[in-house]
Amino acid sequence: MSEEDDLRAFIPRVDGFADLGHAEKVRLFAWLQHFLCKKETFVTKDINWCYGKVSYKPGNTSQYLINMERAGELLGNPKSGYRCEGKLIARYDDLYKEHDVTINVRQMVKDLVNVIPHIEEKDIFDEAMKCLKCDAGRAAEIMVWNIAMYHLYQFILTHHLQEFNDRILIRYKNKWKAADMPLIKKYDDLGDEMTEREVIEVASSAGIINDGIFKTYKNRLDQRNSAAHPSTLRVTQVQAEGFIDDLIRNAVLQLKI
């Protein structure tokens, strides 16, 4: 997701946004430069960019920013750029940052953790939520991915082990000879003998998971790989929330153990 997508996903969560006056919209957009866009400083055009991306006409943004600076809500000036003063950051963190996590993730945890069948999964899920709260989106995605794969492995072992083993050589006929084909008997065999992608492909080929679940696993595996490798990739809370929600709702909870 881009910054534009993140902004558009965030704004509907602000109750009464449409009725806010320009002064309050500018304050919110100023805080979002810090929270969502991760900018050290911002200028008038950055605030107007926010207006445009959510389809609102700006007011006299430059004057509102000057007024905020005079009131001590911003530090800096129009030439060097502004940054939010600490009290403003704290105010909006209290209003929306915790709200963002609490309403959209913690409620999901409250609703879903009781139906995740294995205590091992619940423990990892709780740790993932701690990562998310600390704005460690990459770590949260990786941990929730581990939950989803652990759950898929357990689903295969519990309900579809024979079909899975029968399908391995059909799906990967050029990788293993019949005599060397991995025979899956227990949980560790899946991780030792096959890659995650191979497990997902075989499960789909054998009809163990449907097309929707397959697509969720396949798409989120690519995202997990991006998060797991060292890079400049920044995973926002909004992105991590979407990743978690998709995997839990559209994969884990669809596979009943």
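The values are calculated or read from the model by the stated rules, or taken from the named source; none is laboratory data. The model shown is predicted, which means the values in this text are computed figures rather than measured ones. Reconstructed Cβ throughout: ideal geometry from the backbone, glycine too, with neighbour counts over all protein chains shown. These area figures cover heavy atoms from the full protein model, side chains too; ligands, DNA and RNA do not enter into them. Shrake-Rupley method; radii C 1.70, N 1.55, O 1.52, S 1.80 Å.
Computed quantities for the displayed model
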{"item": "Ordering of 173-182, 144-153, 186-195 by packing [mean C-beta count within 10 Å, highest first]", "result": "144-153, 186-195, 173-182"}
{"item": "Heavy-atom accessible area per residue - the range 1-62, 1.4 Å, Å²", "result": "48 Å²"}
{"item": "Bins of 5 Å from zero: percent of alpha-carbon pairs in the range 133-244", "result": "2, 12, 21, 21, 16, 12, 9, 5, 2, 0"}
{"item": "Percent RCO, i.e. relative contact order, over the chain, from Cα pairs under 8 Å lying at least 6 residues apart", "result": "19 percent"}
{"item": "Correct choice for Kirkwood radius over Cα pairs in Å that was computed from the model, options (i) 18.9; (ii) 20.8; (iii) 18.4", "result": "(ii)"}
{"item": "SER80 - accessible surface, heavy atoms, 1.4 Å probe, Å² rounded to 10", "result": "80 Å²"}
{"item": "Peptides ranked, highest mean first, by Cβ atoms within 10 Å: ranges 29-37, 67-75", "result": "29-37, 67-75"}
{"item": "The range 1-46: GluC sites (Glu not before Pro) in DSSP coil with no more than 15 other Cβ atoms inside 10 Å", "result": "GLU40"}
{"item": "Rounded to the nearest 10 Å², the accessible area of ARG167 at probe 1.4 Å", "result": "80 Å²"}
{"item": "Sulfur and carbon atoms: percent of accessible area, the chain [1.4 Å]", "result": "49 percent"}
{"item": "Nearest-20 debye value, the chain charge dipole, Cβ charges on Lys, Arg, Asp, Glu", "result": "600 debye"}
{"item": "Estimated FRET transfer efficiency (LEU161, ARG8; beta-carbon r; R0 51 Å; 0.05)", "result": "0.70"}
